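Read the structure below first, then the notes.
The values are calculated or read from the model by the stated rules, or taken from the named source; none is laboratory data. In this text, all values refer to a predicted model and were calculated from it rather than measured experimentally. Here the Cβ is made from the backbone with ideal geometry for all residues, glycine too, and neighbour counts use every protein chain on show. Remember, those area values only see protein heavy atoms, side chains included, never the ligands or the DNA or RNA. Shrake-Rupley method; radii C 1.70, N 1.55, O 1.52, S 1.80 Å.
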Amino acid sequence: MSNVADLLLEAGLSRERLEECRRAAASTGDSLDRVLIAKDYLPEGVVLATFAKLLGYEFRPTLDGVRVPGAFVNNIPVQFSRNYSLVALEETDDGAMRVATPYPFDLNPMDDLASMLGVELEPVLSPRQEINTLIARAYRHKADGVDEALADVAEDGDIAGLAKELDEAEDVLDVSNKAPIIKLVNTILFQSLKMRASDVHFHPYPDRTQVRFRIDGILYDMDSIPRKAHEAIVSRVKVMGKMDIAERRLPQDGRASIRLGEGEVDVRISSVPTSLGERIVMRLLDKTARIYTIGEIGLDIKNQEMLREYLNWTSGIILVTGPTGSGKTTTLYAGLTEVDTTQKNVLTIEDPVEYSLGGISQVQVAVKKGLTFASGLRSFLRQDPDVMMVGEIRDLETAEVAIRAALTGHLVLSTVHTNDAASTITRMVDQGVEPYLVASSLILVIAQRLVRTICPHCRNLHDVTPEMAAKLKKLGLTIEEIGGQIAFGDGCDECFHTGYSGRTAIYEFMPVDEVLRTQIMEGATASQMQRSAIERGMVTLRMDGTEKIRRRITTPDEVLRITQIELI
């Protein structure tokens, strides 16, 4: 093992921690790589790269763009693939198959996989999150079993009575030996997670219950379920969310945790009574989703540098604005990854805590217990903070506490719901904050929206039609400026024939300079402030969107859909 020790010490592990991990591995029976990753003494990528070097395996830090061979998807159950985090990457020239695993010493599942496929396997080491993402992508086009689950529901007499079984964290992959209605709900949730849905709707109609998924911000109709199963589905979802099954006349909120193999997804559940029965919406938050960096969220180089500069300020307020679901929290999290938590004390208060951030203390709002954004922020001031993030400035009290924190030498990051950067300033004044306090505390306002990106698998260049030329003209673009042709997705299986896959953000950065401070003090309108900022070089949301059209990241249709007519 001295060779392993040398490589791990070279990778940055201390000798004391190495010995501690060795003792832990010996006492628990776990392999050394699993202990190292569980204790988080080294990043998973570093551990896997080290063992790949030792064992002579290939290490792939990312699996983006990999197409899983059909022989694997068609012959290996998704449960097996998920449970053991194994996925085929490609077939080799000599008939073997390269298979990614995050566990270099877990040999039994690899042997079972070789028997099931009937070919030689060549192990490749890759991070578990990359493998799980690829598995979800590979299996999402395979039949999901919803029809089969529906058939079971149809045959079952007592469907409402079977809705009440509940595990602590339901594994939606485990549908064996489950009551039909549980199997149906789990199958729908599994399908939604594979398709990257952010929300699942159960919408009652007179003759059916319509299942809808929101994917990349757009709502799609999925399966239709017979009307007679509606009450059972509602009861099952309410049980999952620890809600009152008997209460059908009042809106209710609940929370649940579901597992997808080893990954965990937080679910926020809302039920609303309608004339046709209760309507359920489930918001899915993948706890295992990685945190994006500043370079990955759609910022151009100039805006990246500006954000980094303001994140190094020791005091002031940075506000990110946009409607619900526009990626504000993701931008703030990306910003927090730039803060050196070894030298700065960082605290956040959120509703809910969406993702776990290393080295940062995160607090969950609990209004019933008296823990609001304002009271939490007030408590933070006694925790010797350097940087504080408050989920949202909703009222005058929170705004005043945030401003007091900023003026007493703290950097505060938060979000508000406004249409653009300039109206954020007027909103704060309208809430009752004195203009001189806004002018002296606010240092940067960022407005943003999410636009769908063109699917990389079916992106093609097309000649500009008269209709498209009219849309370009609305955006202030000429055919010459976009290179004579326009890019959009033709539609393929990978993007469910929409032509889009994934989203990126468009931004509007408004630094609070001396000119803007004077305008705030003088009570200028939002349109006056915006017009003045554009004259000084501010790039608006629509301008940033047109730049992403030029770079063939998104389409004119998307930018027109997302951006309103500028206020000037």
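Tabulated values for the structure
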item	result
5 angstrom amide H check on Arg255, placed H, neighbours 5+ away	Ile269
Kirkwood hydrodynamic radius of the range 205-320, Cα pairs, Å	17.7 Å
Glu16-Tyr436 FRET efficiency (beta carbon distance; Förster radius 56 Å; 0.05 resolution)	0.55
Extension reserve of the Asp6-Arg378 stretch, reckoned as 0.36 nm per residue once the Cα distance is removed	129.1 nm
Distance between modelled label sites at Ala114 and Asn345, nm, 7 Å Cα→Cβ extension	5.6 nm
Signed unit charges on C-beta, dipole axis of the chain, positive-most listed residue Leu184, Pro323, Met468	Pro323
Accessible-area composition of the chain, carbon plus sulfur, in percent [1.4 Å probe]	49 percent
Highest-first arrangement of 206-213, 473-480, where packing means the average Cβ count within 10 Å	206-213, 473-480
Unit charges at the beta carbon, dipole of the chain: most positive-side option, Ser235, Ile549, Ile258	Ser235
Size of charge dipole - the range 203-344 - debye, nearest 20, with Cβ of Lys, Arg +1 and Asp, Glu -1, no other charges	620 debye
Descending semi-axes in Å of the range 13-129, equivalent ellipsoid built from Cα gyration tensor	28, 15, 12
About the Cα centre, charge dipole magnitude for the range 424-568 (Lys/Arg +1, Asp/Glu -1 at Cβ), debye	120 debye
Mean projected area (nm²) of the alpha-carbon convex hull when the chain is viewed from all directions	30.7 nm²
Most positive-pole-ward Cα, Gly56, Ile534, Leu516, against dipole of the chain from beta carbon charges	Leu516
Dipole magnitude of the chain, debye to nearest 20 (Cβ charges: Lys/Arg +1, Asp/Glu -1, about Cα centre)	1300 debye
Rounded FRET efficiency, nearest 0.05, which uses the C-beta distance separating Lys369 from Asp93 and R0 of 41 Å	0.05
For the chain, calculated [θ]222 nm from helices alone, where every DSSP H run of n ≥ 4 adds -39500 (n - 2.57)	-11000 deg cm²/dmol
Accessible area (Å², per residue) of the chain, counting only protein heavy atoms and a probe of 1.4 Å	45 Å²
Under 15 Å, Cβ to Cβ, from Asp384 - net charge with Lys/Arg +1 and Asp/Glu -1	+2
Average Cα contact separation per residue, the chain, under 8 Å, 6 or more apart, as relative contact order %	8 percent
Anchor Lys368: lysines whose Cα lies under 17 Å away (excluding residues fewer than 8 positions away in-chain)	Lys242
Candidate aspartates and glutamates for bridging to Lys344, where Cα separation is under 13 Å - those fewer than 8 sequence places away on the same chain excluded	Asp384, Asp386
Over 21 Å between alpha carbons, listed pairs Lys39/Lys287; Lys39/Lys328; Lys183/Lys228; Lys328/Lys548; Lys53/Lys194; Lys471/Lys548	Lys39/Lys328; Lys53/Lys194
